[in-house]
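Undergrad: Would you mind keeping the following structure in view while I ask a few things?
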Amino acid sequence: MTAPTINGTRYPQPVDELLPAARKLELPEGQALPSRNRLMREFRIGAPKADELLARLREEKTREAIRQNIEQERSAQDEAGAAGDPAELVQAAGDLAQRWGHLPTGAVLAEVFGIDVQRAEALRGLVQVAHRQGSALDRRADEPAVDPWDYARPIGPDPMPAPVVPEPAPPVIRVPVDVVTAPEPEPVEQVTAPGHPGTPAADEEPRRAVAWPVILLALPAFVAIWSGWVGLGGLTGFGVVHPLPGIADSVSLNTAITLPIGVETYGAYALYVWLSGRVPPRALRFAKWSAIGSLVVGALGQVAYHLLVAAGWTSAPWWITTLVSCLPVAVLGMGAALAHLVREDTR
């Protein structure tokens, strides 16, 4: 659908260029302004631009009504010839306020009586004073006459003085405006955009990714890591021990398994704590750097074992033995520290 041709063009135009065409629209009898929906249909414009165009038309109608009222009053004052005498000006301005129901502003009085704005403001003040004095005289005239010598003697203590009633404020002066009742907006049909086939509805929850393929990925890595750590432990002095001497001499344990269990388990746990994001900031930072460090140490351990085996070494150098022997103690300390930091804000 293309936009109608206005001012020789079909492209969207600003409100100033649409205003002359909007003035020429034919309206039903009794309707002063077109509706917003009609402006949108006639000129193919959106709701914001239609609202602005309708506001400009309503403002023009209001100004035209004010101008007509001022011209009528000016012609009436010219026929009466009240612009010469100040007393007649005050009387004419008071009559004008009674006809309109309120006292016009100084600018309106200046246009009606053909005087400057300063003189019109002074005239407005005189009319207000005359209005207040006239109101006070009317109140006194309505009160019945009372003989000063005829009064009733009060019984008991002297009555309290009557409360002071504040003087009524002058009426609020407003410029007369012909109220134009805008028609009720016509309902706009809501068009629902067709959805793309296969697109899930907005209220459907997204499905989570499955995690079972991680098991297939972890099995070969577990075998390689386990054999590497156990082999490096054998090269650095870890071996079979009897943990219960004198109690169960037949029970034996290869201490080399402590390396893969401790280092790799702590690395996986610290990685989980870091990526979960549900721990205090200090625990999050500690888990991040300790997880990275644990993964780096695990990789270096695998590299050291394979290099030693490829070179034909039967025992590791002293500095590798020193570092590997400190790993269980380091894992214990980092695990305890991370456990305390995770529960830091729950104590």
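Undergrad: Suppose R0 equals 30 Å; then what is the FRET efficiency for Asp249 and Trp212 from their Cβ-Cβ distance, rounded to the nearest 0.05? Intermediate results must be reported in sequence, preceding the final value.
TA: Working: r = 44 Å, r/R0 = 1.46.
About 0.10, to the nearest 0.05.
Undergrad: What is the log10 of I(q)/I(0) for the range 263-347, computed with the Debye formula using one identical point scatterer on each Cα and no solvent, at q = 0.22, 0.25 Å⁻¹?
TA: Scattering profile of the range 263-347, log10 relative to I(0): -0.98, -1.16.
Undergrad: Please identify every one of the trypsin sites (Lys or Arg not before Pro) in the range 256-341 that sits in a loop by DSSP and has no more than 11 other beta carbons within 10 Å of its own beta carbon. The partial results should precede the final answer.
TA: Values: sites: Arg278, Arg282, Arg285, Lys288; in loops: Arg278.
Sites meeting the loop and neighbour criteria: Arg278.
Undergrad: Starting from the eigenvalues of the Cα gyration tensor, five times each then square-rooted, give me the equivalent ellipsoid semi-axes of the range 13-60, largest first, whole Å. Provide the component values of the computation, followed by the final result.
TA: Details: eigenvalues 50, 26, 20 Å².
Ellipsoid semi-axes (Å, largest first): 16, 11, 10.
Undergrad: Using each residue's phi in the range 254-262, evaluate 6.51 cos²θ - 1.76 cosθ + 1.60 at θ = phi - 60° and report the 3J(HN,Hα) Karplus result to the nearest Hz, with x for Gly and Pro.
TA: Result, rounded to whole Hz: 8, 5, 5, 6, 5, 5, x, 5, x.
Undergrad: Tell me, what ³J(HN,Hα) does each residue in the range 334-344 have, in order and in whole Hz, if you take phi through Karplus 6.51 cos²θ - 1.76 cosθ + 1.60 with θ = phi - 60° and put x for Gly and Pro?
TA: Calculated HN-Hα couplings, in order: 5, x, 5, 5, 5, 5, 5, 5, 5, 9, 5 Hz.
Undergrad: Could you work out the per residue convex hull volume over the alpha carbons of the range 205-337, in cubic angstrom? Walk me through the numbers on the way to the answer.
TA: Values: hull volume 22.1 nm³, N = 133.
Normalising the Cα hull of the range 205-337 by residue number yields 166 Å³.
Undergrad: Tell me the volume per residue, in Å³, of the convex hull enclosing the alpha carbons of the range 245-292.
TA: Working: hull volume 5.1 nm³, N = 48.
Cα convex hull per residue, to the nearest whole number: 106 Å³.
Undergrad: Here's something else I'd like to know. Would you grab the residues whose amide H sits under 5 Å from the one on Asn254? Only those 5+ places off in sequence or on another chain, please, with H modelled 1.01 Å from N.
TA: The answer is Val241.
Since every read-out is calculated from the coordinates, none of them should be taken as a lab result. For clarity, every value in this text was computed on a predicted model and none was experimentally measured. Every residue, glycine among them, receives a Cβ derived from its backbone with ideal geometry; neighbour counts consider all protein chains shown.
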